[in-house]
């Protein structure tokens, strides 16, 4: 592995924190938070560069991404958008002659959890009581599974506040970023 300035070994939270700056209400999935091509590239990277950072399977090339995307995707366009994702700190890039290799800087689950948290925090900060009321209304239409997770989180937060142990409550918190079905 070369010492390319784009490849940073900083913690995951620092890599992609605040890299997403907009939320499109009319879009769906990742396209709510990324452009269409950016969303397609991230999905492709998660699918084809699935190994760890220190294995060859964890990295891929622009050519492999283009091949996975299929016909109709211009190499130069994909390269430009991949480099934009590097600038946003959603993708890592390292030089391995004669090409660059790429991988995501954050898992799909972690990206969704991070963006969801940022959106909710922003709504709470900007709209306070109105946001709380609207979240409560939205909860009336969710499955019992999500309500049970919410109830467990609320109980664990209350327990954490009383005990100040810091370690309790991790179970439901993990499910909120990985247990969406």
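The values are calculated or read from the model by the stated rules, or taken from the named source; none is laboratory data. What you are looking at is a predicted structure, and each value in this text was computed from that prediction instead of being measured. With ideal geometry, Cβ positions are generated from the backbone for all residues, glycine too; neighbour counts draw on all protein chains shown.
Results, tabulated for the structure shown:
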{"item": "Region 23-42 - residue that is in contact (Cβ under 8 Å) with a residue 24 or more places away in the chain and under 14 Å from residue 69 (Cβ atoms) and, of those, nearest to the chain's Cα centre (by Cα)", "result": "42"}
{"item": "Single match in 116, 159, 77 (criterion: more than 18 Å from residue 47 (Cβ to Cβ) and assigned by TED's automatic domain parsing to the domain that holds residue 51)", "result": "77"}
